[in-house]
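Report on the structure given below.
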Amino acid sequence: MFSPVEGQVSFPKLEEATLRFWKEQAIYQRSLDQREGAPPFVFYEGPPTANGMPHPGHCLTRTIKDVFPRYKTMRGFRCERKAGWDTHGLPVEVEVCKELGIHSKEEIEAYGVEPFIQKCQKSVWRYMREWERLTERLGFWVNLDEAYVTYHESYVESVWWSLKQLFDRDLLYQGHKIVWWWAQGGTALSAGEVGQGYRQVADPSVYVKFPLVDEPDTSLLVWTTTPWTLPSNQFAAVHPEIEYATVLVVREGNHGDTESTEDGAEKLILAKDLVEVLAEKTKLKLEVVSTCTGRDLVGKRFMPPFDTYSTLSAKEFFSIGDGPQGAPFDDTPLFDLKSFITKDSLSKESKHIGWRIVPAVFVTTASGTGCVHIAPAYGEDDYNVWFFEVFDPFGGYCNPPLMNCVGPDGKFTDYAPEFVRGRWVKDCDKDIARNLKERGLLFHQEQYLHDYPFCWRAEEDPLIQYPRESWFIKTTAFKDAMLENNQAINWMPEHIKAGRMGKFLESNVDWALSRERYWGTPLPIWQCDETGQQEAIGGYDDLLAKPGVAGTEVWEEAKAADPTLPDDLRVHKPYIDAITYDSPFEKGARMSRVPEVIDCWYDSGAMPFAQWGYKGEGRGTGDAGRGNSEPGSVSSRSEAAEKFANQFPADFISEALDQTRGWFYSQLAISTMLWGAQPAGNPQSEIPNPQSPRPTPPVPHPFKNCIVLGLMLGEDGQKMSKSKRNYRDPAEIFDLYGADALRWYLLTNQPPWSSIRYSEQAIKDSIPEFLLRLWNCYSFFVIYANIDGFDPKAELSGAKPPSPLGGGARGGGTVSPGVDSSCTTAANSTESTSKTPSAGRVTPSPNPSLQGRGIGADRFAAAESYRPIADRDELDRWMLSELHRTVALVTERMDAYDNFGAGQAITEFVDGLSNWWVRRSRERFWSKDKRSADKLDAYWTLYECLVETSKLIAPFTPFLAEAMWGNLAGVFLQENGGDAALASVHLADYPEADASLIDEALSERMGLVRLIASLGLRARQEASLKVRQPLAKVEVILASTEHQAWLAEHAGVIAGELNVKAVDFSDEPEKYVDHEVLPNFKLLGKKLGKLMPKVKQALNAQSGSELLANLRDNGQIDLVVDGQAVQLTPDEVEVRIAAKPGWAAANDRGVVVVLSTELTPDLVREGLARDLVRAIQDRRKEIGCEFTDRIEVGVETDSDDLRGAIEQFGDYIAGETLADKVTPASITGAEEIAINVGEAASQLGVRVVR
RNA sequence: GGGUGCAUAGCUCAGUUGGUUAGAGCGCAGCCCUGAUAAGGCUGAGGUCCCAAGUUCGAGUCUUGGUGCACCCA
């Protein structure tokens, strides 16, 4: 017996019970154990941060991350799923600051770094419980118990190890990062903070003349909206491809005699396209003298607008800043300094250090002059120009300092022109313009309206772009390698590859690694306090092993004072900063750590190896410095190496679109740098990594397939926001609708990469649309199987259930030898495949270790009552063909990571099962003969479909699948031993399609049957003929007679569905339909080209019947178009038919169904009988009859027709309603109710017979 | 300002290598069926396929330009 199915199912309740079952039975762990030794399917969890509350968007990510590992596990792979948590970074600090009511770095310092980071560490887990609950309740199977955590010591050390690799290969360097700087607060703002503070303001916009050194009276005309940056000018940039014009300025009064007046002959260079615009603005005539491209201007030298730096001597200039004194420069004025000394400057073409025209592709002619003033300290583009023109990342202290006459307080320093010194830069714009005007350098001035960022904490403070010292990773050296790696990744959607990610990689700039913050992985670089020389440390033990190490007591004392402090904190600020050691570079000097922590994106990108604490391949492979590590570390280190080797690269990852430049990039970059082919041109980086002897892995790595999810928007189409309340808390969704409803909605409503709008209604709708529909099929099966005592286990063991009607068509009681005792072992299932040949599998399992876990057709075939599919009814063959077609499609789609396509296939299948197979098969379940072959076929067919469906949907809706499986397969479960998969569908193997059972022709034909039925119903409606009223016949006319013979043989289904006595395939279609012959555009387009429209006209002009006759008689249609003979073959035309007016008919897609509307008295009485049956059935339900209760019926009526119907169809009525007696008069013991049968009002009494 | 996407029914979205009648689900309206029944079926109304130009015998689909929205980067 199957457990009875509740009439009113509550999916949330069902799911809670399933969760308990999974937990108690450790199903997830068993699903892994079961695949011990199987090929791995590697999944990486992109770490979320538990520092904020999860919302429905996270449900999408976690659903996608769950469905494929579940699927692959069922397909025979071992898929470990190590969870992870992203724990470092600014958002954590901001949370803690909020809690403390403080903002600035000064305030943090004042509060104390030590207590601050202790608070950060605790804050990281603030919403941990919510995240764990969400993860579990959604059914996301992931190993939370052994999650990696980015602040853990082993993780931090693994990151250190990787940074040491980069440092030792000269891929880490110090430079500047131009940041948005809040001068008054003395801190940089993150992109998010800057974004909040944009306001529209009017700034001065100045057009300044930069006189050319070698061309008298000619100036480059540059444009800027930040006059205060002009004293730090170093270059002017032009676009190499843009056309520039040299114009003569014609002022009033000097027109015509410019050549004679030396002073008035003023020439300017600007973009040709902007000459008119500028002439209009200045009301001056600008005569174009000559033109050239930007490239021709490159290299020309100009006089800077201020002599701030140009008049300094090289010696003075190079000693600016903190760098060591004594660099080998002389008294040459900087303006004249040609070339400067760096370690590879000898190979470089010598160039002046500044005040020359340089090319830059970011220059546009959208506004200004097409000539851009470059002050490298105050803009990222500007800085990049400088970086490219004069900076050598590894030039050390010989590199020129940035020209920057503004202090971090936003005020001009002593290097600036005297009239602005000590003043806030933004206040000086006007004075600077006035000064330029006085010196004749200002050509034009105006107001410029644009968006400019202000500090979100101090609204009156404008931000400025300002350089900060920063550490960089030389990712640009790996641009080609990253592009190659990217090329090999299977991005979904595909446009990410060449689009967002490809474009991003092509414009790659070096990774700004460091952050001047507190809660992050400390940058593991120690610097000599005498010489400034540096080295990287690859692990905490390595640090302790350094000579003269000191400062460890700071941590030890903190730990002694508070033993609850996690040991992981010892590798964090401020404890790690306290540790110093003897400098190997200078006797007596000490090494101490640089103050920065690193970008937490680096943490996440290091996850492929850091999650295992990987620190190289183990001892003896170049790790000579370590002599005193603990004995245990060797094995753990090699264990990490083994784990890493086994779980790299990932087969599958997924996150939302915003991770393109986040986690997707950080992983790609780090993996390419550590393990990819090394770039040429950087001698150090070509040295093979001594600690990583593993061969360069084939691209792509570290992930092969990546689904890039769309962003989820709130109900109103806006960004999801807590304050707008445009979404519901996931926990409530689970309680109201259940996780399966949410999962199904997320997985099948749209391709995962289209941006998705949270829709509560759509989540709700997935219940009736899919979950409940399937549940009804399942419930239908269980109800009847229990009534009839259909028990597949009993069928298989040969012990036939008692058969009141003396057994079915095949007789009963015989026992199949060899199947009774071993039917639940996996081994047996392979033996029994002889009945259903396994040849021709559509999607062979990738894993030979699959053993057909769980139950399926292979096993059922051993039952006596299980007839070969070929012997069964057309409807059953069709359903099983659909099943296998669906299995093939779903596996094919899922192998291609297309959950959406797979889901659609499942939906279609369940629709067919529910709305066609069950609908058309109901009567078979009502038949009295419990052992008839037809009835048993129906049971086996439905049972098999439901069992396979529960496996099919297991990755999508794991709870519903488990509930169905638990009952359907549960009958096979033995007390001890047997196939473990019988306990949980998630331990079963995924279904495999049997190609021999797929019958495409049958599919097509059944589609036609459904079409005919649908058309018949439509025709009935138009003629107002209820389906309950039987009709004599329908005529079916087909445009193509290909399937007519088959349909004629299987007209029973149509007749039943349409309630007609006969289905005729008309041999005189002309009576009912008009023919229309249309060209097949696809075929004829190529053949006819421009004649096409005329051929269409010609076909229109003739009658369809004539053309058809032509086609029948000659095998082709002959036309003359434009005097040209045109022949059309049958393939090249399409014949359409339409019902002639005057018939109760409907037509669509080449099928016309015509109703015979004539009603005989017999038909009328039969219709009344059926109507009465309906009324009695309604009554049965009203008085609470069980399905099997027998009744007595009395009908009192004035209608002769109805009395006649009861007389004529009494047996039919009794049979349909399980009535012992149907009397055409009132009966005793039954309440009489009024009913409407036919036109007449009557009284009905129904009484249960006890 | 740049890059990348998206724009189709009231809503959410499909729409193949270009093929002439643009589909589905929900919602709405009407009808039907009902021994799965707080399900199910049929039908209807509802469209400037964002706009414009181009390529083509033919454009929702391809090209160019524009508009709007989103994300990323400035």
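Every number here is computed from the coordinates shown, using simple stated rules; none is lab data. Because the structure is predicted, anything quoted here is derived from the model rather than measured. Here the Cβ positions follow ideal geometry from the backbone for every residue, glycine too, while neighbour counts run over all protein chains shown.
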Residues whose built amide H sits under 5 Å from the amide H of residue A:448, excluding neighbours closer than 5 in sequence, are A:203, A:205
Which of the GluC sites (Glu not before Pro) found in segment A:1-61 are in a DSSP loop and have at most 11 neighbouring Cβ atoms, other than their own, within 10 Å?
A:6, A:36
Tally Lys/Arg at +1 and Asp/Glu at -1 over every other residue whose Cβ is under 9 Å from the Cβ of residue A:940; what's the total?
-2
Placing +1 at every Lys and Arg Cβ and -1 at every Asp and Glu Cβ, with all other atoms neutral, what dipole size does segment A:1161-1248 have around its Cα centre, in debye to the nearest 20?
240
More than 22 Å apart - percent of Cα-Cα pairs taken over segment A:1161-1248
14
Relative contact order of segment A:524-595 (C-alpha contacts under 8 Å, at least 6 apart) in percent is 43
Listed by chain and number, the aspartates and glutamates with an alpha carbon less than 15 angstrom from that of residue A:315, same-chain partners under 8 positions apart left out, are A:330, A:331, A:336
Please turn the phi angles of segment A:295-302 into ³J(HN,Hα) values with the Karplus equation 6.51 cos²θ - 1.76 cosθ + 1.60 (θ = phi - 60°), one per residue in order, whole Hz, x for glycine and proline.
4, 5, 8, 4, x, 5, 9, 9
When the dipole is taken about the Cα centre of chain A, and only Lys, Arg (+1) and Asp, Glu (-1) are charged at their Cβ, what size is it in debye, to the nearest 20?
1280
Loop trypsin sites (Lys or Arg not before Pro), segment A:416-475 (other Cβ atoms within 10 Å of the site Cβ: 12 or fewer; DSSP):
A:439
First select every other residue whose beta carbon is under 12 angstrom from the beta carbon of residue A:151; then total the charges, Lys and Arg +1, Asp and Glu -1.
-3
Which listed pairs, of A:164/A:497; A:411/A:474; A:793/A:935; A:98/A:573, have C-alpha distances above 26 Å, in listed order:
A:164/A:497; A:411/A:474
Which lysines have a Cα less than 25 Å from the Cα of residue A:1221, not counting those fewer than 8 places away in the same chain?
A:928, A:930, A:1181
How much length would be gained if the chain were fully extended between residue A:1067 and residue A:276, taking 0.36 nm per residue of separation minus their Cα-Cα distance, in nm to one decimal?
276.6 nm
Ranked highest first by the average count of other Cβ atoms within 10 Å around their residues, in what order do A:62-72, A:532-542, A:758-768 fall?
A:62-72, A:532-542, A:758-768
Have a look at A:244, A:584, A:525 and report the one farthest towards the positive end of the charge dipole of chain A, computed about the Cα centre with Cβ charges (Lys/Arg +1, Asp/Glu -1).
A:525
Give the total of Lys-Lys pairs in segment A:1077-1152 with Cα-Cα distances below 21 Å; include a pair only if its members are 8 or more places apart or on different chains.
6
Which of the peptides A:203-216, A:369-382 is most tightly packed, and how do the rest follow, judged by the mean count of other Cβ atoms within 10 Å per residue?
A:369-382, A:203-216
Roughly how many whole Å is it from the C-alpha centroid of segment A:30-52 to that of segment A:491-561?
27
Which of A:61, A:668, A:77, positive extreme of dipole for chain A (C-beta unit charges):
A:77
Work out the charge dipole of chain A with +1 on the Cβ of Lys and Arg and -1 on the Cβ of Asp and Glu about the Cα centre, then indicate which of A:901, A:574, A:123 is farthest towards its positive end.
A:901
Show the residues, 5+ positions off or on another chain, whose built amide H is closer than 5 Å to the amide H of residue A:606.
none
May I ask you to give the average projected area over all directions of the convex hull of the Cα atoms of segment A:524-595, in nm² rounded to one decimal?
4.6
Could you state the angle between the C-alpha long axis of helix A:1104-1114 and the longest principal axis of the C-alpha atoms of chain A, as a value from 0 to 90 degrees rounded to the nearest 10?
80
Residues whose built amide H sits under 5 Å from the amide H of residue A:1146, excluding neighbours closer than 5 in sequence, are A:1153
Is the C-alpha gyration tensor of segment A:162-236 telling us rounded, prolate or oblate? Criteria: a/c under 1.5 is rounded; beyond that, a/b larger than b/c is prolate, otherwise oblate.
oblate
Using each residue's phi in segment A:950-960, evaluate 6.51 cos²θ - 1.76 cosθ + 1.60 at θ = phi - 60° and report the 3J(HN,Hα) Karplus result to the nearest Hz, with x for Gly and Pro.
5, 5, 4, 8, 3, x, 7, 10, x, 7, 4
Starting from one equal scatterer on each C-alpha and no solvent at all, send me the Debye-based log10 I(q)/I(0) for chain A at q = 0.04, 0.06, 0.08, 0.09 Å⁻¹, two decimals.
-0.38, -0.75, -1.05, -1.18
Order of A:312-318, A:563-569 by packing, highest average Cβ count within 10 Å first?
A:312-318, A:563-569
GluC sites (Glu not before Pro) in segment A:440-512 lying in a DSSP loop, each with at most 15 other Cβ atoms within 10 Å of its Cβ, come to A:459, A:460, A:494
